[in-house]
Each structure stands twice: as structure tokens, then as C-alpha cells.
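The structure appears below as C-alpha cells.
The values are calculated or read from the model by the stated rules, or taken from the named source; none is laboratory data. Values in this document were obtained by computation on a predicted structure and should not be read as measured data. All Cβ positions, even for glycine, are placed from backbone atoms using ideal geometry, and neighbour counts span all protein chains on display.
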């Protein structure tokens with residue numbers, strides 16, 4: 001039931017507060033500029049600061065990035081912890097979600113609600129922490145800023161569980177195929 005409601009909200013260009021595979025997340029359809037702008041407004045996040053999107057699998061990822069180097073495929077296959085990869089050239093994503101250079105970070109979530117959500121929705125979903133920009137990341141729903149809660153279109157009931165406050169590992173793919181760890 002939570003999944004069906006969340007998908008309807010995404011299809012209607014709405015915003016969600018949901019349990020990602022890492023932290024409590026704010027999300028929307030990553031391909032819709034209006035929905036992405038709403039996430040920036042809710043978080044009071046400076047424009048020009050790129051967001052992360054979740055994808056269901058390598059096949060979905062390949063629709064939105066120029067190429068998936070072998071290095072990235074190896075990271076995706078072998079990593080044990082949630083790992084987000086910044087790809088240099090992105091397409092079909094809301095422009096404000098991307099960095100000014102056209103890059104963007106994507107993650108295939110670990111099994112659970114977030115993976116079920118992105119698989120069922122069929123398109124990338126924004127995944128940014130459910131806090132006001134610069135504020136601590138909340139571990140439980142009651143710690144989420146009330147101002148933020150009133151602005152999202154749907155709060156997934158599963159958010160009441162204790163969640164991590166640790167974001168994913170962040171890896172930058174360089175144009176030459178090398179990688180750089182941006183966040184462990």
C-alpha cells in the first residue's frame with residue numbers, strides 16, 4: 001500500500017519523504033524539472049548544487065548516462081556498502097538536478113523499499129537527505145524538521161523506523177576511467 005501511494009505521488013510530480021537504503025530521503029521524479037525544483041525549495045538548498053538519483057539497475061542507468069565504464073560496473077558488482085557514482089555525462093534528467101558540467105551521481109539501492117520504489121516507478125528518483133540544507137541528517141521521523149514535513153506531498157509510513165544517518169560512499173568517475181573517492 002505504501003509503495004502504491006508513493007508511486008502515485010511520483011507520477012503526479014509530487015515529493016516524498018521515504019526510507020532510502022542509507023538515510024531518510026526526500027525524493028521526486030528525477031526527470032521532471034518542476035518536481036526537482038520543489039525538492040530544492042523544501043530543503044532550502046542552493047541552486048546549482050547537484051542531487052543524487054536512484055536507479056533500479058544497470059539497464060536503467062544506461063538510459064541516463066552517456067556510458068558506464070567497466071570500472072563503474074565493477075564497483076556496482078563488488079561493493080558491499082551503498083555506493084553512489086558520479087558519472088560525467090548525463091541525459092534525460094531535470095537540468096537543475098545535474099551539476100553545471102553535466103555530471104550527476106546515481107546509485108542502485110540495496111534491497112528494500114527504495115529499490116522496490118524505483119523499480120516500480122520505472123524512472124530515476126531523486127534521493128537527498130531529509131533535512132534542511134546544512135542541518136544534521138535525522139535518524140527518525142520525529143527528528144525531521146516540522147517545516148520540511150509540511151511541505152512534502154507524502155511521508156511514507158515506514159519512515160518511523162530508525163534509519164542510518166550515514167550517507168552512501170561517493171565515487172567520482174574521471175573522464176580517463178580512473179576513480180576518486182569523494183566520501184567514504
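Restricting 62, 96 to those that are over 16 Å from the mean Cα position of the chain (by Cα), over 14 Å from residue 167 (Cα atoms) and at pLDDT 95 or above reduces the list to 62.
When the residues of segment 4-27 are filtered to those that are part of a helix (DSSP H, G or I) and touching a strand residue (DSSP E or B) at 6+ places or on another chain (Cβ under 9 Å), the one that is nearest to residue 116 (Cα to Cα) is 6. Among the residues making up segment 146-169, those that are crowded, with 18+ Cβ neighbours inside 10 Å, over 19 Å from residue 5 (Cα atoms) and either within 16 Å of the chain's Cα centre (by Cα) or modelled with pLDDT under 90 (or both) are 163, 167, 168, 169. crowded, with 17+ Cβ neighbours inside 10 Å, in contact with a helix residue (DSSP H, G or I) (Cβ under 7 Å, 6 or more places away or on another chain), under 30 Å from residue 143 (Cα atoms) and in contact (Cβ under 8 Å) with a residue 40 or more places away in the chain: does that describe residue 56? Here the answer is yes, as residue 56 does meet what is asked. Those residues that are in contact with a strand residue (DSSP E or B) (Cβ under 7 Å, 6 or more places away or on another chain), crowded, with 21+ Cβ neighbours inside 10 Å and more than 14 Å from residue 31 (Cα to Cα), I need them from segment 106-128; list them, please. Once the filter is applied, which keeps residues that are in contact with a strand residue (DSSP E or B) (Cβ under 7 Å, 6 or more places away or on another chain), crowded, with 21+ Cβ neighbours inside 10 Å and more than 14 Å from residue 31 (Cα to Cα), segment 106-128 yields 107, 109, 114, 117, 128. Of all residues in segment 137-159, those that are more than 13 Å from residue 18 (Cα to Cα) have Cβ atoms under 6 Å from Cβ atoms of residues that are in a loop (DSSP other than H, G, I, E, B), 6 or more apart or on another chain, in 137/131; 137/165; 145/132. May I ask you to verify whether residue 94 is buried (at least 23 other Cβ atoms within 10 Å of the Cβ) and in contact with a helix residue (DSSP H, G or I) (Cβ under 7 Å, 6 or more places away or on another chain)? No.
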